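Student: I'd like to ask some things about the structure below.
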Amino acid sequence: MPEPVVLILGCGAGGVTAAREARRLLPASHRVIVIDRDADASFPPSYPWVVTGERRPESIRRHRAQLARRGIEFVNADVRQIDVANRYVRAESREFRYDYLILALGAQPAMEAIPGLAETAHGLHTLETAERLAATLRYFSGGRVMLAVTGLPFKGPSVPYETAMLLEHHFHSRRMRQKVEIAVYTPEALPLEFLGSENGEAITGLLAHKGIEFHAETTLVSVDPVRREASFAGGALSPFQLLIAVPQLRSPAILREAGLVDETGWVSVSPRSMETAIEDVFAVGDLTYLRLPNGLPLPKAGIFAERQAQTAARHIAFRIKGGAPPPPFETDGRMLIEVGAGAAAVVEGDFSSPQPLALKQPSIVWHMAKLALERYWLWRTY
Ligand SMILES: Cc1cc2nc3c(=O)[nH]c(=O)nc-3n(C[C@H](O)[C@H](O)[C@H](O)COP(=O)(O)OP(=O)(O)OC[C@H]3O[C@@H](n4cnc5c(N)ncnc54)[C@H](O)[C@@H]3O)c2cc1C
């Protein structure tokens, strides 16, 4: 009999956590294989620091091949075909058979959905785009900086607000704050909507205090690369010297081609186990659709991707080895939000709780906690 195989597609926050948890729980005779098209991993919560020059890209980059030291087989290849009927995956020229499959391919930014956006806007949705934005920022001498959320959902619910506040501090440090206007445009009614209106208003207050414009419920429809002007639904126009897009996401094309995406536009999973409608196929992270008890969809965030990944791996181990049934998916955790000037705010607790969680006052302590999280995550994971 060949050794049972747990195959994980994607080695981002969800995939690597699933691989580590499966490896921890399963005997060495079971193979844990993870496939990713990028040989290197990095830590997205640190990308805003890359943009402001507070972090060198190489300090948050790790080689995924290092996972071999932990008994995890890493394959650097592009996944091209998923055939769940025959329990088979093709990645470039290689073929993989699996007993259990975990889909963790993340979500794709839809930059091309808005005319003029891709050729004009910077972004920080990958380490490479964050590095390019950092390089542009070094020569930026002043003007209007527009951060535009191009649609819902987007990656990292605090990203536009954190980035705006870090940039505000960055321009202060360069003694050019008075030469820069910073404006955030978003389709959301309030920042971090899933945390409730009180917390949203607290973030809006922080933005106002720092002189950052906040334009809620705005829909970007096109960008004029020559006039450097953004058009919004309803006809409003706004100029910019530097445009930073926080792009709307959509599910990976390969999953749509494999028929794994349903009417939600995403892969629906059981809230208990993260199993999809197909037996022995699990899904975690940004590509999934789950509704919170407050009716809002689970945000696309690493803290939830990791929790989902642990849940999926534990259910697979339970199915293989038996023992005590694993606990269901839990949505408790901590979200640290940088506010600039060496401080961060925090929300922690159970994000499914009917009572909204309270945003704690920004302090240096939470900023230190974010620094520690970065170091710990990179050390623990690779
Ligand atoms: C700037 C920024 C800051 C953020 N800050 C926070 C934060 O502070 N807290 C928080 O909780 N979340 C944060 N997030 C969100 C968090 O990074 C994501 O929600 C999380 O990474 C999702 O994990 P995932 O495993 O679903 O997808 P990803 O981490 O995106 O991983 C998907 C992987 O699949 C691979 N892949 C895709 N298609 C293929 C293919 N066809 N073949 C092979 N490989 C493929 C990709 O290369 C990638 O490595 C932030 C995101 C950004 C961009």
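Values quoted throughout were computed directly from the atomic coordinates according to the rules given, and no laboratory measurement underlies them. For clarity, every value in this text was computed on a predicted model and none was experimentally measured. With ideal geometry, Cβ positions are generated from the backbone for all residues, glycine too; neighbour counts draw on all protein chains shown.
Student: Return the sequence-ordered ³J(HN,Hα) values of the stretch 351-367 in whole Hz as given by the Karplus equation 6.51 cos²θ - 1.76 cosθ + 1.60 applied to θ = phi - 60°, using x for Gly and Pro.
Tutor: Whole-Hz 3J(HN,Hα) from phi for the stretch 351-367: 5, 8, 4, x, 7, x, 6, 8, 7, 7, 3, x, 7, 5, 4, 6, 5.
Student: Cα centroids of the stretch 292-317 and the stretch 225-279: how far apart, whole angstrom?
Tutor: Between the Cα centres of the stretch 292-317 and the stretch 225-279 lies a distance of 19 Å.
Student: Oh, and also: When you count, for each residue, the other Cβ atoms within 10 Å and take the mean per peptide, how do 308-316, 173-181 rank with the highest first?
Tutor: Packing proxy ranking, top to bottom: 308-316, 173-181.
Student: Using modelled amide H (1.01 Å from N, peptide plane; none on Pro or chain starts), what sits under 5 Å from the amide H of Val75, excluding residues fewer than 5 places away?
Tutor: Under 5 Å from the amide H of Val75: Val34, Ile35, Asp36.
Student: In terms of the Cα gyration tensor, with a ≥ b ≥ c the square roots of its eigenvalues, is the stretch 110-249 rounded because a/c is under 1.5, prolate because a/b exceeds b/c, or oblate?
Tutor: Rounded.
Student: Over the stretch 30-173, what is the percentage of antiparallel beta bridges among all DSSP beta bridges, to the nearest 5? Before the final figure, lay out each step's value.
Tutor: Working: 11 of 15 bridges.
Among the beta bridges of the stretch 30-173, antiparallel pairing accounts for roughly 75 percent.
Student: Okay, moving on. With axes computed from alpha carbons, what is the tilt in degrees of helix 13-25 against the longest principal axis of the chain, rounded to the nearest 10 within 0 to 90?
Tutor: Helix 13-25 sits roughly 30 degrees off the main axis of the chain.
Student: While we're looking at this one, here's another question. If one puts a single equal scatterer on every Cα of the chain and applies the Debye formula without solvent, what log₁₀ I(q)/I(0) results at q = 0.09, 0.12, 0.13 Å⁻¹?
Tutor: Values, matching the q order: -0.53, -0.94, -1.09.
Student: Given the options Thr218, Gln81, Ile316, identify the residue whose Cα lies farthest towards the positive end of the charge dipole of the chain (+1 on Cβ of Lys, Arg; -1 on Cβ of Asp, Glu).
Tutor: Comparing the listed Cα positions along the dipole, Ile316 ranks first.
Student: Here's something else I'd like to know. Student exercise: in the chain, how many lysine pairs 8 or more apart or on different chains have Cα atoms under 29 Å apart?
Tutor: 11
Student: Moving on to the next point. List the GluC sites (Glu not before Pro) in the stretch 213-294 that DSSP assigns to loop (not H, G, I, E or B) and whose Cβ has at most 10 other Cβ atoms within 10 Å. Which are they?
Tutor: Glu263, Glu279
Student: A follow-up question, please. HN-Hα J couplings of the stretch 279-286 from phi, Karplus 6.51/-1.76/1.60, θ = phi - 60°, integer Hz, Gly and Pro as x?
Tutor: Working through the residues one at a time gives 4, 6, 10, 10, 9, 9, x, 4 Hz.
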